[in-house]
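Asker: Dropping the structure in here first, questions after.
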Amino acid sequence: MSKVVTPYKDQQAAKKDQVAGMFNNISKTYDFLNHFLSLGIDIIWRKKAINMLKVDKPEKVLDVATGTGDFAFEAIRILKPEKVVGVDISRGMLDIAEEKIRKRNLQQQFEVRMGDSEKLLFEDNSFDAVTSAFGVRNFENLEKGLAEMLRVLRPGGRIVILEFSKPKVFPVKQLYHFYFKYITPFIGRVFSRDSSAYTYLPESVAVFPEGQDFTALMRKVGYQDTKNRILTFGICSIYTGIK
Ligand SMILES: C[S@@+](CC[C@H](N)C(=O)[O-])C[C@H]1O[C@@H](n2cnc3c(N)ncnc32)[C@H](O)[C@@H]1O
């Protein structure tokens, strides 16, 4: 069991409540900072991850921890499913997602709801695919979240998870540490007005299981044929599994 890292060290509230509060605080600047801090590479990561579902041609997709919806919008663009449902515990993030849905006129294809990954309000086997980008690291109980995502996935359906990992090779490892430890919190503080959010980011990545540790956890929960694909020298990873 890895160490529990929470956004606000001086608060007693559960990780889930702190995470929801933090994303409410940063929701308005989240999209801008995402693209700015990743130098736009997050767009490529999302595209690569969603491409892994192309063979399955899923019609009903659940995007867990959908936030402002960018992973789901990419799924709609690439996979053209009948319906994507996005769930998230942050009302602020979902408000931005809803604004984007309206602007893009995607109300028929994409619906967002308040929802907790650890207690999904859907029937068993109800989605052809489940996706989650940069969400699982924030779960209070990772195993429970993964198990719930498996429960609502139909047999034979695929899960695609995109999450930060840590580069291992010189000099990317050193540059990454410097960037994540000093530059990211500084820029985050200036633009988002939540000084904790962008120190929580590197701290939560540091303790999060990655690579084979993560796929082993997926298998423990019940996923089969789990795979791990490393992106951009290991800064990010795509995990897939089948029910
Ligand atoms: C870094 S954002 C990622 C948003 C989006 N998927 C993206 O790719 O930009 C993480 C999101 O996870 C959500 N989240 C954290 N824990 C959650 C949980 N237990 N259930 C649902 N959403 C959760 C947060 O509210 C936040 O919107």
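Throughout, read-outs are computed from the coordinates displayed, never taken from laboratory work. These numbers were taken from a predicted model, which means no experiment stands behind them. Counting neighbours? That spans all protein chains shown, and the Cβs are built from the backbone with ideal geometry, glycine included.
Asker: Quick check: convex hull of the Cα atoms in the chain, volume per residue, rounded to a whole Å³?
Answerer: Values: hull volume 27.5 nm³, N = 243.
Normalising the Cα hull of the chain by residue number yields 113 Å³.
Asker: In terms of modelled amide H atoms, which long-range or inter-chain residues lie less than 5 Å from the amide H of residue 66?
Answerer: 87, 88
Asker: To continue, here is another question. What net charge do the residues around residue 222 carry, taking every other residue with its C-beta under 10 Å from that of residue 222, with Lys and Arg at +1 and Asp and Glu at -1?
Answerer: The answer is +4.
Asker: Using every alpha carbon pair in region 130-243, what percent of pairs falls into each 10 Å bin from 0 up to the bin containing the largest distance?
Answerer: 13, 42, 29, 15, 1
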